[in-house]
Amino acid sequence: MNLEDYILEHSETEPEYLAKVNRKTHVKLINPRMLSGHLQGRVLSLLCHMVQPRRMLELGTFTGYSALCMAEALPEDGVLHTIECDDELEDFIRENFAGSEVGAKIKLHIGDALKVMEQLDEVFDLVFIDADKREYLAYYEAVLPKLRPGGFILADNTLWAGKVLEKPHENDKQTIEIMHFNDFVAKDKRVEKVILPLRDGLTIIRKK
């Protein structure tokens, strides 16, 4: 048994419907590692239960696993807006949402996240950023005005497989922009922030 197995064995069990989404994603898609997975999924669910949000936004749906985890914390009148740019995933995502008791609380949008956000007239309690790494800073600046004071932003992949410790190649735009995002947030006096070494790095940001 390795350390991660030990952690999972002593953490909340992955719900059956999420295990099915996990399995389907690994069987049918070529980049299954983009899925949040059991450990991060339980962390997202627990964080959302702590915040007790009514309005949430997710940038980057993939197959819907993380959205389903976060939606577990929503009250009956709560809603999670999630935006996915890949229209070929739409049927797969909707099928996964339909197979869950919390799927009805999730509203899927297909399109460019920055453009879709402009059309959302909402004030959010929590935002999860897990889309195009090259646009992280643009996402951050776009969602911060839509976040209530005291609200939270969760940004995924902020350690980027440890590449943030290396000098990136000039063509490695994803690493460059993740590092730019991390540097900017670290100096931003509008928020409090901490990076957790969970999977590929999860930054928790609280708007003052």
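What follows is calculated from the coordinates using simple rules that are stated; it is not laboratory data. On a predicted model such as this, the values are computed, not experimentally measured, just so you know. For neighbour counting, all protein chains shown are included, and Cβ atoms are generated from backbone atoms with ideal geometry for every residue, glycine included.
In this simple spin-label model, placing a label point 7 Å from the Cα along the Cα-to-Cβ direction at both Leu46 and Leu196 gives a separation of 0.7 nm. Qualifying GluC sites (Glu not before Pro) in the stretch 43-129, where qualification requires a DSSP coil assignment and no more than 16 other C-beta atoms within 10 Å, comprise Glu76, Glu101, Glu122. Look at the dipole of the chain built from charges on Cβ: of Ile195, Val127, His26, the Cα furthest out on the positive end belongs to Ile195.
If packing is taken as the average number of other Cβ atoms within 10 Å across a peptide's residues, how do 191-199, 140-148 rank, most packed first?
140-148, 191-199
Extension gain, Asp172 to Tyr6: 0.36 nm times the residue separation minus the Cα-Cα distance gives 56.3 nm. For the chain, adding -39500 (n - 2.57) for each run of n ≥ 4 DSSP H residues and dividing by the number of residues yields -11500 deg cm²/dmol at 222 nm. You can think of it this way: the chain between His26 and Arg134 has 36.4 nm of extra reach, that is 0.36 nm per residue less the Cα-Cα gap.
One chain, two ends: Leu120 and Ala161. Fully extended at 0.36 nm per residue, the span grows by 11.5 nm beyond their Cα-Cα distance. When you restrict to C-alpha pairs under 8 Å that are six or more residues apart and normalise by the size of the stretch 3-207, the relative contact order lands at 17 percent.
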